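Colleague: This is the structure I have questions about; it appears just below.
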Amino acid sequence: MGVPSEDVVLIQKGKKDGEPYVITVNCPGRTGLGCDLCRIILEFGLRITKGDVSTDGIWCYIVLWVVPHSASLTVRWPSLKNRLLSVCPSCAVSFYFNQPSSCSKASPVYLLKYCCLDRKGLLHDVTQVLCELELTIQRVKVMTTPDGRVVDLFFITDSMDLLHTKQRWDDTCKQLHSVLGESCIICDLQLARPEYQTQLGVSSLPPEVAEEIFNCELSDKETRSQALSPDLTKLKKASVMIDNSLSPAHTLLQIHCVDQKGLLYDIMRPLKDCNIQIAYGRFSSNNKDFREVDLFIQQTDGKKIVDVDKQNALCSRLKVEMLHPLRVIIANRGPDTELLVANPVELSGKGRPRVFYDVTLALKVLGICIFSAEIGRHSTPDREWEVYRFLLDESCDFQLSDSRARNHIVDRVRRTLMGW
């Protein structure tokens, strides 16, 4: 029977202003639940400061302390609770989604199309509205016309699964019109036809660009340029260790690394993809910049990880996920300058949330307009990637052909993505 659904997820405000909110999840366990919870928390713009996980193999108990990444962020806590409930096994029949399970039926895809006069920061402002409304961007095509207008196509899904209702529809259109302003020529929202979606795959990447952005075996020079860390000294302190001597039934996985936005999600994602079960875990900080993660884990057969090759493969995979959870480069695309951001996609098909939001925010702060943008998927031999491509407008304060200017842009985008 389990516990009542209202007690499966509890969210408690800190006793004092500024203290973290405490999220408690008490439900049957399953492989990958921690990853799914962390992904939703990241999607709502929250940072996990501390966490505890325990399970007896059937039931799990998870406690996470969270704070908003931005002081100006308004979090819809009831909506967050409903989203967390939707992935808990005991809440497979969710009043929030009103369907047999949270993943049994694909959410309908809607096409948002608008045309208006362009201005700096417009794309981010629209993206912010979509995020606040819990509308997930699946694909996007952004185009600028010679007369200074933008024609943008967003393919979105509704995390609340209510966009078919008139109230939700009207509220969405109203908030979009408030951002687009009086220069808006057209703003239309409708169910997307299947043939539209197939037209928006990301254009093929040149081999040299694909090699640079997807290469995991990085040289020292590439490590300095690509590693998502405030500085190389901190980067070298990241470590992943496995110990089989402390528990007769579990392998201890110890991680010590630089803190960053979505860190716990970046750790949980490969564990979920590798079908690693977590029996007990603790996520904490030993100082302002570093995090300690201790996880007692098992394989799906209930045994420890004793094979040395499997141990090395898991440690290597986790190091890559922590040091390079997102790849950011600037390259030439013919005569134009292109910013590319790539992140690995879960085996379930889900990409990292809020990437488009963070990149457009960084470019808005830098005062750089986006001439065109697109989101698509790219497959490498070992995984699938979500690729974001932005053609940058040359009419900005940066000399985009200058290497120092390019490095500055890449650095700002990375720091925004990683929450530094």
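The values are calculated or read from the model by the stated rules, or taken from the named source; none is laboratory data. Computed from a predicted structure; not experimentally measured. Every residue, glycine as well, gets a Cβ built from its backbone with ideal geometry; the counts of neighbours run over all protein chains shown.
Colleague: Pairs only if they're at least six apart or on different chains, beta carbon under 7 angstrom, first in the range 70-82 and within 20 Å of residue 418 (Cβ to Cβ), second surrounded by 13 or more Cβ atoms within 10 Å (Cβ to Cβ); list them, first residue then second.
Modeller: 70/45; 73/45
Colleague: In this structure, does residue 292 turn out to be surrounded by fewer than 16 Cβ atoms within 10 Å (Cβ to Cβ) and among the charged types (D, E, K, R)? Before the answer, list the steps.
Modeller: Values: surrounded by fewer than 16 Cβ atoms within 10 Å (Cβ to Cβ): yes; among the charged types (D, E, K, R): yes.
Yes.
Colleague: Does the range 357-364 include one or more residues that are out of contact with any His (no Cβ under 8 Å at 6 or more places or on another chain), within 19 Å of residue 152 (Cα to Cα) and of a type in the set (Phe, Trp, Tyr)? Let's see the steps before the verdict.
Modeller: Filtering the range 357-364 for residues out of contact with any His (no Cβ under 8 Å at 6 or more places or on another chain) gives 358-359, 362.
If we keep only those that are within 19 Å of residue 152 (Cα to Cα) too, we end up with 358-359.
With the extra rule that they be of a type in the set (Phe, Trp, Tyr), the set shrinks to none.
Looking through the range 357-364, none of the residues is out of contact with any His (no Cβ under 8 Å at 6 or more places or on another chain), within 19 Å of residue 152 (Cα to Cα) and of a type in the set (Phe, Trp, Tyr).
Colleague: Residues of the range 375-420 being among the hydroxyl-bearing types (Ser, Thr, Tyr) and surrounded by 15 or more Cβ atoms within 10 Å (Cβ to Cβ), which ones? Spell out the reasoning first.
Modeller: Of the residues in the range 375-420, the ones among the hydroxyl-bearing types (Ser, Thr, Tyr) are 379-380, 388, 395, 401, 403, 416.
Passing the criteria: 388, 416.
Colleague: What are the pairs with Cβ atoms under 8 angstrom where one residue, in the range 156-184, is among the aromatic types (Phe, Trp, Tyr) and the other, located anywhere, is assigned to a loop (DSSP other than H, G, I, E, B)? Sequence gap at least six, or different chains.
Modeller: 169/163
Colleague: On to the next question. Does residue 62 count as in the same structural domain as residue 16 (by TED's automatic domain parsing), at pLDDT below 90, β-branched (Val, Ile, Thr) and within 26 Å of residue 294 (Cβ to Cβ)? Break it down into steps so the answer makes sense when it comes.
Modeller: Details: in the same structural domain as residue 16 (by TED's automatic domain parsing): yes; at pLDDT below 90: no; β-branched (Val, Ile, Thr): yes; within 26 Å of residue 294 (Cβ to Cβ): yes.
Judged against the criteria, residue 62 is not a match.
Colleague: If a residue counts only when it is at pLDDT 65 or above and at negative phi, which helices (runs of 4 or more DSSP H) contained entirely in the range 163-248 have at least 3 such residues? Spell out how you get there, then give the answer.
Modeller: Details: elements: 166-180, 194-197, 207-214, 220-226, 232-236.
Helices (runs of 4 or more DSSP H) meeting the threshold: 166-180, 207-214.
Colleague: While we're here: Being over 17 Å from the mean Cα position of the chain (by Cα), within 21 Å of residue 366 (Cβ to Cβ) and at pLDDT below 95 is the requirement here; does residue 150 meet it? Lay out the reasoning, then the answer.
Modeller: Details: over 17 Å from the mean Cα position of the chain (by Cα): yes; within 21 Å of residue 366 (Cβ to Cβ): yes; at pLDDT below 95: yes.
Yes: the conditions hold for residue 150.
Colleague: Could you check residue 399 against (1) touching a helix residue (DSSP H, G or I) at 6+ places or on another chain (Cβ under 9 Å); (2) over 26 Å from residue 135 (Cβ atoms); (3) in contact (Cβ under 8 Å) with a residue 24 or more places away in the chain and say which number it fails?
Modeller: (3) is the only condition that residue 399 fails.
Colleague: Mind checking which residues of the range 71-125 are polar (S, T, N, Q) and either more than 21 Å from the chain's Cα centre (by Cα) or modelled with pLDDT under 85 (or both)?
Modeller: Here is the first cut: in the range 71-125, the residues polar (S, T, N, Q) are 72, 74, 79, 82, 86, 90, 94, 98-99, 101-102, 104, 107.
Scanning the range 71-125 gives 72, 74, 90, 94, 98, 99, 101, 102, 104, 107.
Colleague: Out of all the residues in the range 362-375, is one or more at positive phi and of a type in the set (Lys, Arg)? First the steps, then the outcome.
Modeller: So in the range 362-375, the residues at positive phi come out as 367.
When the remaining residues are screened for being of a type in the set (Lys, Arg), the result is none.
Taking every residue of the range 362-375 in turn, none turns out to be at positive phi and of a type in the set (Lys, Arg).
Colleague: Within the range 338-373, work out how many residues are assigned to a helix (DSSP H, G or I) and either closer than 27 Å to residue 320 by Cα or basic (Lys, Arg) (or both). Steps first, please.
Modeller: Initially, the range 338-373 is screened for residues assigned to a helix (DSSP H, G or I), giving 355-366.
Now drop any that are not either closer than 27 Å to residue 320 by Cα or basic (Lys, Arg) (or both), which leaves 355-364.
Qualifying residue count, the range 338-373: 10.
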